[in-house]
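The structure appears right after this line, and notes come after that.
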Amino acid sequence: MNRPIISVPLGGLLAALIAVMLLASQAYAVEPSSDDPAVLAATYSKQAADLRADAEKHAKIARLHRGGAGTGKTAHESIAKHCERIAENLRAAAAESDALAEQYRELAKK
């Protein structure tokens, strides 16, 4: 019998990918390169834009799967819901980054 040594269900693999993405975004958020409020505001604004771009990529994948893209064996509904949840979480993170950027812009004015 020729079985794989490690068998990871698709859902588990996708959950691990989400965890890595969230950890990476948190690391990005907590490692600003400056104490200057104007620099921090720009950093968080860029982060928000990056998160929105990632959210749009996942939303696009969700739309493709809702339309039945891929092979007949693919669980389109499950993948679409998964991508929609990721997009929603990324948009929420972007909103938080926008709020931080605004707070730092206010500090920079003082």
### Task
Could you please let me know if Leu64 is surrounded by 13 or more Cβ atoms within 10 Å (Cβ to Cβ), touching a Lys or Arg at 6+ places or on another chain (Cβ under 8 Å) and modelled with pLDDT of 70 or more?
no
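Does Lys46 satisfy the condition of being at pLDDT 70 or above, under 13 Å from Leu90 (Cβ atoms) and out of contact with any helix residue (DSSP H, G or I) (no Cβ under 8 Å at 6 or more places or on another chain)?
No; evaluated as a whole, the condition is false for this residue.
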### Query
Within the set of pairs 6 or more residues apart or between chains, which connect a residue that is under 26 Å from Lys109 (Cα atoms) inside segment 38-55 to a residue that is among the charged types (D, E, K, R) and surrounded by fewer than 16 Cβ atoms within 10 Å (Cβ to Cβ) with Cβ atoms less than 8 Å apart?
Ala41/Glu102
### Query
When you scan segment 90-110, how many residues do you find that are crowded, with 16+ Cβ neighbours inside 10 Å and under 9 Å from Ala48 (Cβ atoms)?
6
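The values are calculated or read from the model by the stated rules, or taken from the named source; none is laboratory data. Bear in mind the structure is a predicted one, so any value in this text is a computation, not a measurement. Positions of Cβ are backbone-derived with ideal geometry, glycine not excepted, and every protein chain shown enters the neighbour counts.
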